[in-house]
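Trainee: Have a look at this one before I ask anything.
Values quoted throughout were computed directly from the atomic coordinates according to the rules given, and no laboratory measurement underlies them. The shown structure was predicted, so the numbers you read here are calculated from the model rather than taken from an experiment. Note that we place each Cβ from the backbone using ideal geometry, even for glycine, and neighbour counts take in every protein chain shown.
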């Protein structure tokens with residue numbers, strides 16, 4: 001009976017799969033398939049199977065797609081299965097992909113946006129908790145979500161402290177340049193985008209290390225496990241190519257945070273107004289006199305984590321600076337600054 005059912009699925013499902021496969025976007029399909037399988041009812045399991053099969057045809061190197069397809073078929077056929085050691089890596093990736101993305105909300109980590117020719121209109125926001133790299137567009141001062149990618153982080157998580165700890169740093173970093181064939185054996189894929197880690201805040205408290213990049217993966221795999229890098233962000237090679245379309249070397253910034261503070265529009269606007277008013281007060285002249293502060297303007301304000309200073313990207317004449325501000329119950333306190341390379 002099981003064999004007959006599986007044969008039915010193969011014969012009658014092939015046409016639908018062939019029609020679906022062309023329209024499937026791999027990353028989002030894997031996310032949806034993982035979520036559907038988790039729901040567990042027959043309709044959702046069938047959906048997971050169709051999506052996973054479509055991905056397996058487009059991206060045959062995705063081991064998760066093949067695993068999701070197999071589990072879906074087992075469930076539909078009424079065959080029981082147990083998760084054993086060899087399944088754990090698939091469960092880890094699937095679990096990361098089941099975390100919901102509240103697309104109707106706005107990240108409270110990004111405020112005070114203003115257009116500038118020295119600052120990209122796109123901001124990258126990496127949430128280490130969810131293994132997701134988001135791309136936001138400056139839509140008249142409001143960050144608008146355009147795309148998200150699955151991304152691996154350090155083997156031992158985030159909050160990098162020292163060289164060799166295999167952790168991903170949190171903070172705001174400039175994307176400096178693109179490297180072709182970053183490692184001769186191809187382990188990092190064909191491309192890497194370098195970050196300016198350590199930044200001024202990292203250096204001020206003694207964080208060490210270097211070579212933190214956004215890079216690809218070996219050509220024989222689709223993605224790596226959620227925690228598997230030496231501290232870099234590792235994306236599928238095809239996703240990294242898409243990401244590059246949103247990056248301008250020397251102008252793009254990435255904000256890496258443990259957790260995104262998703263806000264509804266009303267609350268976000270309150271926070272945004274507070275930041276804009278605060279910095280309009282900091283960078284204004286008094287009594288008609290000119291000052292160095294009068295030449296400054298806020299381009300973006302980015303919150304990393306309650307344990308870390310927030311970062312104000314400031315433009316002065318044609319140069320950009322990062323200012324680090326400590327937020328306390330008594331208000332905002334300026335900490336230090338650094339000039340960004342042109």
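Trainee: Write down the percent of antiparallel bridges among all DSSP beta bridges whose residues are both part of the chain, to the nearest 5.
Mentor: Values: 52 of 61 bridges.
The antiparallel fraction comes to roughly 85 percent.
Trainee: Another question about this same structure. Quick check: the angle from helix 26-39's long axis to the longest principal axis of the chain, C-alpha only, nearest 10 degrees?
Mentor: The two axes meet at around 70 degrees.
Trainee: Measure off 7 Å from each Cα along the Cα-to-Cβ vector at residue 144 and residue 329, then give the distance between these two points in nanometres to one decimal.
Mentor: The modelled label-to-label distance comes out at 4.1 nm.
Trainee: Sort 217, 223 by Cβ crowding within 10 Å, fewest neighbours at the top. Kindly include the intermediate steps, with their values, before the conclusion.
Mentor: Values: 217 23, 223 30.
Taking fewest neighbouring Cβ atoms as first place, the list is 217, 223.
Trainee: What's the extension gain from residue 238 to residue 57 if we count 0.36 nm per residue and subtract their Cα-Cα distance? Provide the component values of the computation, followed by the final result.
Mentor: Details: separation 181, 0.36 × 181 = 65.16 nm, distance 1.50 nm.
Value of the extension gain: 63.7 nm.
Trainee: Next up: When 172, 282, 26 are ordered from fewest to most other Cβ atoms inside 10 Å of their Cβ, what list results? If you can, show how the numbers build up before the last one.
Mentor: Numbers: 172 27, 282 16, 26 20.
Ascending number of Cβ neighbours within 10 Å: 282, 26, 172.
Trainee: Please arrange 170, 153 by how many other C-beta atoms lie within 10 Å of their C-beta, fewest to most.
Mentor: Working: 170 21, 153 27.
With the sparsest Cβ surroundings first, the list reads 170, 153.
Trainee: Next up: What angle do you read, to the nearest 10 degrees and between 0 and 90, between the alpha-carbon axis of helix 88-97 and the longest principal axis of the chain?
Mentor: Taking Cα atoms only, the helix is inclined about 50 degrees.
Trainee: Given the Cα-Cα distance of residue 295 and residue 92 and 0.36 nm per residue of separation, how much length would full extension add, in nm? Kindly include the intermediate steps, with their values, before the conclusion.
Mentor: On the way: separation 203, 0.36 × 203 = 73.08 nm, distance 4.95 nm.
Length gained between residue 295 and residue 92: 68.1 nm.
Trainee: Which one, 127, 277, 241, has the greatest fluctuation when you compute a Gaussian network model over the chain with C-alpha springs under 10 angstrom?
Mentor: Between 127, 277, 241, it is 277 that shows the largest mean-square fluctuation.
Trainee: Full-extension gain between residue 38 and residue 137, please, as 0.36 nm times their residue separation minus the C-alpha to C-alpha distance. Working shown, then result.
Mentor: Values: separation 99, 0.36 × 99 = 35.64 nm, distance 3.16 nm.
Roughly 32.5 nm would be gained on extension.
Trainee: Using the Kirkwood radius over C-alpha pairs as Rh, can you work out the diffusion coefficient of region 106-261 via Stokes-Einstein at 37 °C, viscosity 0.692 mPa s, in µm² per second? Each step should come with its number before you reach the end.
Mentor: On the way: Rh = 15.6 Å.
It comes out at roughly 211 µm²/s.
Trainee: Taking only Cα atoms and a 10 Å spring cutoff, compute GNM fluctuations for the chain and point out the largest among 212, 260, 101.
Mentor: Most flexible of the set in this elastic network: 101.
Trainee: Specify the angular offset, from 0 to 90 degrees and rounded to the nearest 10, of the alpha carbon long axis of helix 2-21 from the longest principal axis of the alpha carbons in the chain.
Mentor: 40 degrees
Trainee: Using Cα springs under 10 Å in a Gaussian network model of the chain, which residue among 299, 83, 175 shows the largest mean-square fluctuation?
Mentor: Fluctuation is largest for 83.
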